[in-house]
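The values are calculated or read from the model by the stated rules, or taken from the named source; none is laboratory data. This structure is a prediction, so every number in the text was calculated from the model and none was measured. Here Cβ is always computed from backbone atoms with ideal geometry, including for glycine, and neighbour counts include all displayed protein chains.
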Amino acid sequence: MDKKLLFSLIKKIRHSFVIFFLISLFSGITLYSERFCKGIKGKDNKKCLIARTIEKPGKIFLQGYINTRSLLKNYLLTSDFTITGELARDPIKTANRFKNLKPRFNFNFIKGTKPDYGFLILSEINSANAKPLVEIWDLNKQKLIHKYKFNFSDIRKLSDFKNAPELEFQHPLILDDGSLIVIGSAGNQPIIKFNSCGDLLKLNNEYKFHHSIEKDNEGFIYVPIYSSNKNLSKSMYKFDFKDDGFAVMDKELNIVKIYSLLKIYQKNGLISDLFGKHEAISDPFHLNDVQPLIRDDGTKVVLLSLRHQSSIVALDLETEKILWIIERAGLLQHDVDIIAKRGNFIDISFFDNNVRQYVNLNTKGNKFITLKNLDISRNRNIEFINSSYVHNLYKIKKYDFTSIPNKYIPKTITEGRADLNKKYNSVFIEESNMGRLLEIDLNSGKIDWQYINKHKSSGVPRYMSWSRRISNKNFSNIFEKCE
């Protein structure tokens with residue numbers, strides 16, 4: 001072989017080896033950082049500090065690639081140059097599915113013919129500008145009552161949102177004075193309070209708050225949190241283990257008490273439900289709703305929706321004893337509600353996503369499930385409501401919405417909400433992943449109204465942000481100063 005050719009070949013092999021070595025080294029450092037440096041500050045571990053320094057340029061490049069891809073994808077699908085605002089799942093299919101519905105509201109009843117029909121607290125990533133939008137609508141009058149006017153430039157200056165490309169205000173709760181509480185579902189996921197006009201009042205980022213915001217009859221607020229046990233020894237768990245819990249707060253967002261689900265399961269002898277399987281689990285609970293109620297004697301109970309357990313749990317707040325667990329009634333559910341209370345017995349409902357975990361299979365359709373006469377008395381042993389026989393003792397009902405056209409049957413894989421309107425026997429559904437709200441009359445089996453989060457007829461919808469359906473409320477004079 002020619003010497004020049006041989007040297008050239010050796011040089012190319014050497015360069016290839018160096019490139020391969022550098023790529024492998026960088027990959028190894030990144031894996032080390034991900035596996036062993038989670039939750040460890042650089043000053044506490046020099047190896048982690050070096051690893052984070054080396055991987056930083058790669059992370060910047062990756063984030064730039066993700067943002068550029070999102071910008072191009074959004075432009076091709078919506079003609080908007082934005083990187084914020086999640087598009088609906090399967091955007092082209094979803095756009096075609098709802099192409100016959102006009103943007104925003106589609107009412108199927110005559111305005112003013114449903115007195116005491118209630119209100120909608122609309123929450124979405126606005127399809128027109130990809131910014132959070134919160135509005136109050138009178139559904140009977142089909143009329144906008146109020147729109148919160150947020151100063152996004154001021155909000156973006158906050159440390160929680162400086163580097164967060166996406167901003168979402170999730171599950172808005174309106175207090176009696178018109179002030180608004182939301183979860184800032186971006187950055188560090190704080191809980192935020194605005195006044196009735198939309199001016200920022202307070203931000204609490206003591207924990208990462210997520211999913212739902214609910215209020216009891218005494219005005220206390222209940223919100224799921226990540227890492228409820230901040231001193232949890234990660235040596236006993238996977239590096240990315242989530243010790244879900246929830247915070248009880250006052251209306252000024254001051255934390256009154258923190259509850260850890262890991263401690264609650266340990267206390268109630270249920271730890272094998274979390275760690276009695278072969279595979280190590282990172283997110284065993286995935287708490288997505290905390291629904292409070294007060295017994296006749298003044299003591300408190302919460303209902304917990306644990307998505308990754310596919311279970312609904314009733315918990316005595318004072319003793320931290322679990323009263324009962326509903327299992328095998330649905331698949332990866334959300335949004336548990338109390339629909340009636342008689343002494344220490346309650347009727348409940350929940351939104352069943354009806355989808356299998358891990359494989360992201362398209363659901364055959366969401367369901368609305370109700371059970372009756374559940375006992376919330378104190379000093380009782382845990383009851384496991386986990387078979388068809390026991391479900392039927394509690395008069396379980398499953399509504400599958402097959403009475404409406406097939407293309408309009410809700411099929412959100414994740415998220416989703418359902419609220420029963422008892423006066424009209426109708427069910428409000430948020431199909432979060434597909435950017436749609438709808439209300440179905442259970443008597444006639446027909447759709448009363450739909451809302452599509454798109455700003456042009458052929459447009460791709462964006463995600464909804466956990467809108468809230470409420471019954472009659474007096475909003476008169478609350479928002480006059482904001483006009």
Ile404 vs. criteria surrounded by 20 or more Cβ atoms within 10 Å (Cβ to Cβ) and either of a type outside the set (Asp, Glu) or farther than 30 Å from Asn106 by Cβ (or both)
no
Phe246 being assigned by TED's automatic domain parsing to the domain that holds Gly298, among the aromatic types (Phe, Trp, Tyr) and at pLDDT 95 or above:
yes
From the set of residues in the stretch 105-144 that are out of contact with any Lys or Arg (no Cβ under 6 Å at 6 or more places or on another chain) and β-branched (Val, Ile, Thr), which is farthest from Gly459 (Cα to Cα)?
Thr113
What about Val427, is it at pLDDT 95 or above, buried (at least 20 other Cβ atoms within 10 Å of the Cβ) and aliphatic (A, V, I, L, M)?
yes
May I ask you to list the residues in the stretch 256-282 that are in a loop (DSSP other than H, G, I, E, B) and either at pLDDT 95 or above or not acidic (Asp, Glu) (or both)?
Asn268, Gly269, Leu270, Ile271, Gly276, Lys277, His278, Ala280, Ile281, Ser282
Could you please find all residues in the stretch 103-117 being under 28 Å from the mean Cα position of the chain (by Cα) and either modelled with pLDDT under 95 or not assigned by TED's automatic domain parsing to the domain that holds Gly435 (or both)?
none
Could you tell me which residue of the stretch 443-483 is farthest from Lys99 (Cα to Cα), considering only residues that are within 26 Å of the chain's Cα centre (by Cα) and among the hydrophobic types (A, V, I, L, M, F, W, C)?
Ile470
Residues (of a type outside the set (S, T, N, Q) and closer than 15 Å to Tyr265 by Cβ) located in the stretch 313-324
Val313, Ala314, Leu315, Asp316, Glu320, Lys321, Ile322, Leu323, Trp324
In the stretch 264-313, which residue that is at positive phi and without any contact (Cβ under 8 Å) to a residue 24 or more places away in the chain is surrounded by the most Cβ atoms within 10 Å (Cβ to Cβ)?
Ser310
In the stretch 190-208, what residues are more than 26 Å from Ser471 (Cβ to Cβ) and buried (at least 21 other Cβ atoms within 10 Å of the Cβ)?
Pro190, Tyr207
Would you list the strands (runs of 3 or more DSSP E) that sit entirely within the stretch 362-404 and hold 1 or more residues that are in contact with a strand residue (DSSP E or B) (Cβ under 6 Å, 6 or more places away or on another chain) and closer than 13 Å to Phe351 by Cα?
367-375, 397-399
Six or more apart or on different chains, Cβ under 8 Å: which pairs go from a residue in the stretch 113-137 that's at positive phi to one that's among the polar types (S, T, N, Q) and surrounded by fewer than 19 Cβ atoms within 10 Å (Cβ to Cβ)? Could you list them?
Asp116/Asn140; Asp116/Ser471; Asp116/Asn472; Gly118/Asn140; Gly118/Ser471; Gly118/Asn472; Ala130/Thr82
I'm trying to understand the selection: among the residues of the stretch 214-255, which are over 28 Å from Asp419 (Cα atoms) and not in a loop (DSSP other than H, G, I, E, B)?
Lys234, Ser235, Met236
Pairing a residue in the stretch 180-203 that is on the phi > 0 side of the Ramachandran plot with any residue that is part of a loop (DSSP other than H, G, I, E, B) and crowded, with 16+ Cβ neighbours inside 10 Å, where Cβ atoms lie under 7 Å and the two sit 6 or more apart in sequence or on different chains, gives Gly187/Asp160; Gly187/Phe161; Gly187/Ala164; Gln189/His210; Gly198/Tyr148; Gly198/Phe150
Complete set of residues in the stretch 63-102 that are closer than 24 Å to Arg417 by Cα, assigned to a loop (DSSP other than H, G, I, E, B), at pLDDT below 90 and of a type outside the set (A, V, I, L, M, F, W, C):
Thr84, Gly85, Glu86, Arg89, Asp90
Out of everything in the stretch 143-197 that is aliphatic (A, V, I, L, M) and farther than 18 Å from Ile125 by Cα, what residue ends up being farthest from the chain's Cα centre (by Cα)?
Ile145
Which condition from (1) touching a residue at least 40 places away in the same chain (Cβ under 8 Å); (2) surrounded by fewer than 19 Cβ atoms within 10 Å (Cβ to Cβ) is the one that Asn392 breaks?
(1)
The stretch 406-429 - residue that is assigned to a loop (DSSP other than H, G, I, E, B) and charged (D, E, K, R) and, of those, farthest from His308 (Cα to Cα)
Lys423
